[in-house]
Each structure stands twice: as C-alpha cells, then as structure tokens.
Amino acid sequence: MLKTGLIYHPDYLKHDTGPGHFERPARLEAIMQRLEASPLFPQLSLITPRAATVEEIKRCHAPEYVQHVREACERAPGLLDSPDTPVSPESYQVALLSAGGVLTAVDAVMAGEITNAFCAIRPPGHHAEWAQAMGFCLFNNIAIAARYIQEVHKLSRILIVDWDVHHGNSTQHTFEEDESVFYFSIHQYPLYPGTGIRSERGRGRGLGTTMNAPMNPGSTDEDYLWVFKELFFPEALRFDPDFVLISAGFDAHRQDPISATQITGEAFEKMTRIVMEIAANCCQQRVVSMLEGGYHLPALARCVERHIAALMFRSEVRSAP
C-alpha cells in the first residue's frame with residue numbers, strides 16, 4: 001500500500017457561492033463524511049494546507065487580475081467576471097488556500113513524506129484564465145502547481161490529466177506553447193466552455209503536447225476507458241513525465257445534474273489506476289490529484305472514495321512501447 005495524503009481544511013467551506021449554486025460547501029462536507037466513515041480513512045495521511053503566496057499565484061495569473069479578485073471579494077457578495085462565479089468576503093483567502101493546498105501536497109510528495117495525494121479543495125481552478133474568472137474558478141490550481149514543481153523542485157516534465165466533464169480551457173491555454181507540460185483532457189463536447197476539439201494539439205514548440213478527447217453525450221465507461229488505454233496511455237509513456245497532476249472532476253458521472261455522459265464510479269477508479277501505472281513507470285509514483293467538478297453529492301463522495309482507493313495501491317511497472 002502506498003502512503004497517500006489527504007489535503008483538507010474547514011476554511012474551504014467559507015467560500016460562499018450563495019443558495020442554489022452547484023459549486024457549494026456541501027460538496028466537501030459530503031466527501032469528508034464519506035471518507036471519515038470509510039475503512040480507508042485511518043490509512044490516509046491528513047495534511048493541513050498552507051495558503052499560496054501572491055507571487056506563486058502570479059506564475060499563472062496577471063498581477064492586475066490577482067488584485068482584481070482581492071478587491072472584488074472585499075466588496076462581496078457579488079459576481080466575479082462571469083454570472084456563474086460568485087464570491088463572498090472570504091473567497092480570496094480561500095482561493096489562496098485552495099492553490100496552496102496543492103502546493104503543500106507537492107512539497108510532501110517531494111520530501112518523501114507521502115507517495116501521492118488527493119486535495120479536497122475548493123474553489124476549483126481549471127477554467128480560470130490568465131486575467132479572467134469563469135466557470136466557478138478563481139485561480140488555476142493545477143497550472144500553479146505545475147509551474148511550482150518546475151521552478152521550485154526543478155522537475156522538468158509535467159503531465160496533467162483532466163477528466164472533468166468540462167474542458168480545462170485555462171490549463172490548455174497556459175501550456176499550449178510549452179513542450180515541457182503535456183495536457184490531456186477527456187470531456188463532453190459540446191459542453192461549456194466550448195473548447196477542446198481534437199485538432200487543438202498545442203502550438204509552436206508545444207505542438208503535440210496537448211491531447212483532447214472530446215466525448216459525445218451518452219459516452220460510457222467503455223468509451224472512456226478505450227481512450228485512456230489505447231490513445232492516452234502510450235502517448236503519456238512516450239512523454240515520460242517527472243510528475244503527474246490530475247484535475248479530478250467527477251461531473252462525468254451518470255447521476256451528475258450538469259452533464260450527459262454516463263460514467264460510473266468504477267470508470268473513475270480504473271482511470272486512476274491507468275494514471276498510477278504511468279506514474280509507476282515514469283516518475284516514482286509521484287501523483288497529486290485535486291478536486292474540480294462533481295455536483296451530485298452522494299455520487300461525488302462515492303467517486304472520490306474509489307479514486308483515493310486506487311491512489312493507495314501500487315501499480316505495475318512495464319516497459320514503454
């Protein structure tokens with residue numbers, strides 16, 4: 001069994017999106033209640049996150065935007081840049097803690113304190129652009145983590161796996177000209193934000209290190225797992241990453257209210273095992289996963305438990321094709 005960390009802080013509940021919003025504090029409450037009742041829980045290493053610094057956020061966001069978010073939260077409640085992204089007075093500090101939670105997990109992995117981690121954080125991040133909030137996201141947690149790994153821990157090649165049902169537009173835009181970061185997204189198409197078609201493969205020196213797998217509404221476990229095994233897995237091994245990051249959205253689940261894919265918890269577990277196999281072959285099992293979407297509370301909690309179960313067990317090492 002691998003040593004898996006769990007990043008969580010009750011302050012994540014202080015980001016108040018208002019009544020009726022999909023991205024609500026109850027998401028983390030459901031996850032933690034499920035995990036605390038799980039036989040897995042005593043085996044997890046509970047880690048208290050730190051807040052990211054403004055300088056760490058600025059690696060992936062314009063300084064003026066960071067100031068804009070802070071000031072908007074000081075005036076809150078209100079909307080930040082788009083009608084789907086409300087903020088409360090605490091949201092700026094919680095967003096720093098969300099990004100910092102992922103950096104805390106990275107540091108713990110690199111120090112050998114844990115092998116991998118799941119970050120039960122909010123607000124999510126993969127839609128937040130260089131200078132614009134959107135899609136419930138304030139700062140791009142996974143992009144900030146990738147740059148942190150490269151600049152602080154001096155690892156060069158980062159693999160980002162994004163199975164949220166929505167395409168991670170900001171993550172792709174951040175790295176589409178960067179050959180050192182391989183971005184893979186499997187998502188329902190067409191669906192918000194309307195990006196992520198198959199022909200988007202990166203640009204310039206980054207051409208070939210973006211891989212999109214747009215899926216039709218109604219796609220099943222079998223459809224997703226075929227993409228993971230036949231298309232993504234060999235490309236990821238060829239890229240040979242030094243660290244793997246996962247944008248773990250669970251809104252492709254068949255019970256989720258804002259998608260039309262038909263994925264089950266079993267598929268999320270199997271996709272995790274495939275990612276773990278890549279990490280076992282390439283980067284000493286170094287994986288940090290972070291919560292993105294997932295809005296049917298019981299399904300979300302069950303999927304997170306299965307995802308963590310897969311993180312906890314050692315994967316096969318095989319020769320690259």
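Coordinate-derived values only; no laboratory data. None of the values given here were measured: they were computed from a predicted structure. Glycine also receives a Cβ, built like all others from the backbone with ideal geometry; neighbour counts cover every protein chain displayed.
The table that follows gives values for the structure above.
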quantity	calculated
The chain: calculated mean residue ellipticity at 222 nm from DSSP helix runs of at least 4, using -39500 (n - 2.57)	-10500 deg cm²/dmol
Ranked packing of 254-261, 94-101, most packed first, by mean Cβ within 10 Å	94-101, 254-261
Residues whose placed amide H lies under 5 Å from that of residue 246, excluding near-sequence neighbours	161, 288, 289, 290
Dipole in debye (nearest 20) - the chain, about Cα centre, beta carbon charges: Lys, Arg +1; Asp, Glu -1	520 debye
Inter-probe distance in nm under a simple model that places probes 7 Å from Cα toward Cβ, at residue 41 and residue 216	4.3 nm
Of the DSSP H helices in the chain, those whose Cα atoms cover at least 20 Å axially and whose Kyte score averages 0.5 or more	91-110, 297-311
Additional length obtainable on full extension of the chain from residue 67 to residue 266, 0.36 nm per residue less Cα span	67.5 nm
Radius of gyration and Dmax over the Cα atoms of the chain, both given in Å	17.7, 55
Given 3/58; 14/154; 3/229; 3/270; 14/58, the pairs whose alpha carbons are separated by over 29 Å	3/58; 14/154
Distance between segment 31-75 and segment 177-220 - C-alpha centres, whole angstrom	25 Å
Packing-based ranking, highest mean first, of 145-151, 183-189, 59-65 given that Cβ atoms within 10 Å are counted	183-189, 145-151, 59-65
Residue order, fewest to most beta carbons within 10 Å, for 1, 290	1, 290
